[in-house]
Amino acid sequence: MVRGRISRLSVRDVRFPTSLGGHGSDAMHTDPDYSAAYVVIETDAEDGLKGCGITFTLGKGTEVDWSREGCGAPGDSSHPKCSVGLVGQAGGKACLEVTRGHEEQMLAQGYPAYTTSCAWLGYSDDTLKQLCTQALKDGWTRFKVKVGADLQDDERRCQLIRDVIGPEKTLMMDANQRWDVPEAVEWMSKLAKFKPLWIEEPTSPDDILGHATISKALVPLGIGVATGEQCHNRVIFKQLLQVKALQFLQIDSCRLGSINENLSVLLMAKKFEIPVCPHAGGVGLCELVQHLIIFDYVSVSASLKNRMCEYVDHLHEHFKYPVVIQRASYMPPKDAGYSTEMKEESVKKHQYPDGEVWKKLLAAQEN
Ligand SMILES: C[C@H](O)[C@@H](O)[C@@H](O)[C@H](O)C(=O)O
Ligand SMILES: [Mg+2]
């Protein structure tokens with residue numbers, strides 16, 4: 001049923017200076033400022049029905065998305081590191097069939113997560129050690145480390161992490177597209193001793209056959225290939241699945257334009273029996289993707305084997321309905337909608353370049 005007509009649309013450039021602390025840094029993106037074009041569509045409906053959307057970027061990309069979304073055509077994102085998610089906030093629960101037992105299990109235990117927050121590439125060894133130690137204490141058992149810029153550094157950092165977390169905990173590696181195909185195989189042969197479960201984005205995300213070659217070469221080493229955070233539609237995923245290019249499929253709630261596109265990928269993954277381990281982090285990606293992955297468990301995959309959702313411990317405080325993590329798991333959100341809405345106060349403060357935070361930072365840069 002249609003309620004109300006669109007009465008106002010706003011697009012704002014919201015940026016968080018994450019580069020100052022090295023948060024989010026990897027072999028490809030050395031100083032990201034986690035940012036978003038934040039869209040709110042208001043209606044004249046009496047109950048104040050509105051829709052909120054985010055396009056995650058690493059800073060400057062917001063300008064591109066800002067102009068595109070301003071034209072009312074979100075959904076396609078083809079430049080590095082930008083994701084689009086736009087959805088009504090007033091919907092109820094997803095109206096698809098659920099399996100009651102699994103729903104109850106989720107409500108009690110949550111969906112298993114892994115953390116990327118301990119081992120960004122720009123963190124010092126001390127920070128790495130300290131964050132891994134703390135994460136272990138907090139109950140985390142699965143960790144992801146950024147690799148790919150310098151082999152010696154990678155070896156030292158991975159050793160350091162294994163020393164803290166021990167041989168049994170799960171370790172994943174993420175190269176953020178840094179290598180070509182032979183280089184990926186060679187590099188991972190050197191890092192195999194640290195027993196990674198997967199290597200993520202070993203090469204260009206568009207190189208479907210390249211991923212297949214890497215997958216095949218790494219099977220004897222017991223390392224899977226994970227990819228998907230840059231895949232913008234179901235056709236790319238279809239081909240990755242068809243040529244056995246991945247062992248772990250990483251949907252991104254915003255990069256794949258629309259919930260429907262995400263759902264079709266979840267269904268394909270089920271058909272090919274490949275576990276979905278969503279990409280998250282950035283600005284609001286954890287908030288959004290938790291809905292999709294819990295739906296996947298309850299209504300599609302019905303399995304937790306080899307499955308976990310990424311968690312990144314930044315910027316949740318700016319969201320009206322932030323994720324709830326307990327015992328290293330995502331607890332199912334209880335509010336209606338897609339958890340996309342940001343706090344107005346945060347948006348105002350971080351608006352670029354006029355928000356309070358940026359005014360100060362830009363003034364300091366000039367002096
Ligand atoms: C630039 C970003 O922080 C990426 O490093 C991040 O999204 C990453 O690829 C991830 O898998 O979490
Ligand atoms: Mg990644």
Which of GLU103, GLU317 has the fewest Cβ neighbours within 10 Å, and the rest in rising order: GLU317, GLU103
Normalised contact order of region 94-212, rounded percent, pairs of Cα under 8 Å and 6 or more residues apart: 21
Shape of region 125-243, Cα gyration tensor, a/c cut at 1.5: prolate
Rounded, prolate or oblate (a/c below 1.5 giving rounded, otherwise prolate when a/b exceeds b/c) for region 100-331 by Cα gyration tensor: oblate
Residue order, fewest to most beta carbons within 10 Å, for THR57, THR170: THR170, THR57
Folded to 0 to 90 degrees: helix 208-218 orientation relative to the chain principal axis, Cα: 40
DSSP bridge orientation in the chain - percent antiparallel, rounded to nearest 5: 60
Residues SER329, SER215, SER7, SER35, sorted so that the one with the fewest Cβ neighbours within 10 Å comes first: SER7, SER329, SER215, SER35
Using θ = phi - 60° and Karplus 6.51 cos²θ - 1.76 cosθ + 1.60, couplings along region 54-64 (whole Hz; Gly, Pro as x): 10, 10, 7, 9, 9, x, 4, x, 4, 4, 5
Check: the chain dipole with +1 on Lys, Arg Cβ and -1 on Asp, Glu Cβ, in debye: 800
Positive-end residue, the chain charge dipole about Cα centroid, Cβ charges, pick of GLY148, ALA36, GLN242: GLN242
Cross-link table LYS144/LYS334; LYS50/LYS348; LYS169/LYS305; LYS137/LYS334, entries beyond 24 Å C-alpha to C-alpha: LYS144/LYS334; LYS137/LYS334
Helix-only mean residue ellipticity at 222 nm for the chain, each DSSP H run of n ≥ 4 adding -39500 (n - 2.57), per residue, nearest 500: -10000 deg cm²/dmol
Normalised contact order of the chain, rounded percent, pairs of Cα under 8 Å and 6 or more residues apart: 18
Angle between the chain longest axis and helix 181-191 axis [Cα atoms, degrees, rounded to 10]: 70
Zone residues, region 31-45, relative to ALA149, backbone N less than 18 Å from point 7 Å out along Cα-to-Cβ: 31-34
For THR43, distant residues with modelled amide H under 5 Å away: SER7
Angle between the chain longest axis and helix 259-272 axis [Cα atoms, degrees, rounded to 10]: 30
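Every number here is computed from the coordinates shown, using simple stated rules; none is lab data. Not measured: the values here are computed from a predicted model. When we count neighbours, we look across all protein chains shown, and the Cβ atoms used for this are built from the backbone with ideal geometry, even at glycine.
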